[in-house]
Amino acid sequence: MNNKLLQTLNSALERTKTTHYAPVTIDALQARLSEELDWLDACPGRECLIVLLQELAANMRSAHIVVSSGYSFLPDSYLLFLTGVTKVNPVEWDLPFSRFTKSIHNGAEIPFEAGSGCLEVARKVLSGRDSELVIETEPGLFEITFLDGTELQNVKLRITTYAALDQFSRTLKDGWHPLDEATLRLFSRGATDGAIFLESDKMREWLFDFAPESMSDLVLLNALYWPGRIGLFPEILRRKQSGDYGKEFRDTYGVPVYQEQTSDPCLAPKGHFIGRTMMAVEALWPYRNKTKLK
């Protein structure tokens, strides 16, 4: 294994031993890591891809550019969490690795989202590679050939500049903040001025009616506010308020919403909306002690 990648994983694992959240156990984390390392070791191209994404994230942060906390199917990988590419721990959120592996194949397009200036940094990182042949076919779209690849030989890397991330420059120093009680109260009141993805008038109504009690509730509302899923809100609200739901799909009050619950591709990719909700939490963090509802 790449020495730099190995050092990063070992350091991250030491931190994880003291920072992971119950009820996830160390055994569960180690089992997931073993599963992903087995996948990684089966093809040199896979290791090259993980190393490349790690280097992109690290170089962008060194250039004071904010990298998305989690985007598309990337949050489904524990390796990408450990190497700092995403900030979503898929084990704690029960995100299966299978969705990630199904998305990584020859010809796959890999999304990468960061703040202003990310494309310039990406071009610098991708130039003169030893393990890959890289061609930028259009601005922000790089065709990558892994010179030692077997099952994975060619992918496309899509670098997207998402200027909305620029407001989170403090996360470069402090990291992404977790949801605390004071910030949750703002969401429950619908006081979401500036909370990206959760600040529309309709969402404010939803938040006030739903009275979210956890990060899981906020992720659910974020995932519901989408064409084709908005109509699920009244039934989910009814079930939450009445307690009329069983053991199945408990985090969505008995109604399947996420692809990870039923493997239905028309449903929401949970990992994607966890990352988006983290951004909304981060936007409200400076105002968590606000007492008046606007």
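What follows draws every value from the coordinates through simple rules; no lab data is involved. Everything quoted here is computed from the prediction, not taken from an experiment. Counting neighbours? That spans all protein chains shown, and the Cβs are built from the backbone with ideal geometry, glycine included.
Structure notes:
- Cβ-derived FRET efficiency at R0 22 Å, residue 2 paired with residue 108, nearest 0.05: 0.60
- Least to most buried among 43, 118, 266 (fewest other Cβ within 10 Å first): 266, 43, 118
- Note on residue 193/residue 289: beta-carbon distance plugged into 1/(1 + (r/R0)^6) with R0 of 22 Å gives a FRET efficiency of 0.90.
- Interchain or long-range residues, amide H under 5 Å from residue 113's placed H: 68, 160
- Vicinal HN-Hα couplings computed from phi for segment 233-238 (Karplus, 6.51 cos²θ - 1.76 cosθ + 1.60; Hz; Gly/Pro x): 4, x, 5, 5, 4, 4
- Compared with the direct C-alpha span, the chain from residue 160 to residue 42 gains 39.5 nm at full extension, assuming 0.36 nm per residue.
- Distance from segment 65-131 to segment 150-177 (C-alpha centre basis), Å: 7 Å
- Highest-fluctuation residue, 125, 91, 257 considered, GNM on the chain with Cα pairs under 10 Å: 125
- Annotation: aspartates and glutamates with alpha-carbon distance below 13 angstrom to residue 270 (same-chain offsets under eight excluded): 76, 92, 94, 217, 251, 260.
- Beta bridges per DSSP with both ends in segment 3-171, % antiparallel, nearest 5: 65 percent
- FRET efficiency estimate (nearest 0.05) - Cβ-Cβ, residue 172 to residue 230, R0 41 angstrom: 0.75
- Peptide packing for 105-111, 186-192 was compared via the average number of neighbouring C-beta atoms within 10 Å per residue; ordered from the highest value, the list is 186-192, 105-111.
- Radius 14 Å from Cβ of residue 108, net charge of other residues (Lys, Arg +1; Asp, Glu -1): +1
- Mean separation of Cα contacts under 8 Å, 6 or more apart, over the residue count of segment 3-171: relative contact order %: 24 percent
- Segment 34-85 - Rg over Rh from alpha carbon coordinates, Kirkwood radius: 0.99
- Set against the labelled values [x] 1.03; [y] 1.10; [z] 0.97, Cα Rg over 2.2 N^0.38 Å computed from this structure falls on [x].
- For the chain, a Gaussian network of Cα nodes joined below 10 Å ranks 69, 214, 116 by mean-square fluctuation, and the top entry is 214.
- GNM top mover of 64, 177, 272 - the chain, alpha-carbon springs below 10 Å: 177
- Summary value for the chain: 19 percent relative contact order, contacts being C-alpha pairs under 8 angstrom separated by 6+ residues.
- Rounded to the nearest Hz, the phi-derived 3J(HN,Hα) couplings of segment 44-55 under the Karplus curve 6.51 cos²θ - 1.76 cosθ + 1.60 (θ = phi - 60°) are x, x, 5, 5, 4, 5, 4, 4, 5, 5, 4, 5, where x marks glycine and proline.
- Volume per residue that the Cα convex hull of segment 3-171 spans, once the total is divided by residue count, Å³: 112 Å³
- Exposure proxy ranking for 152, 49, based on other Cβ atoms within 10 angstrom of each Cβ and starting from the fewest, stands as 152, 49.
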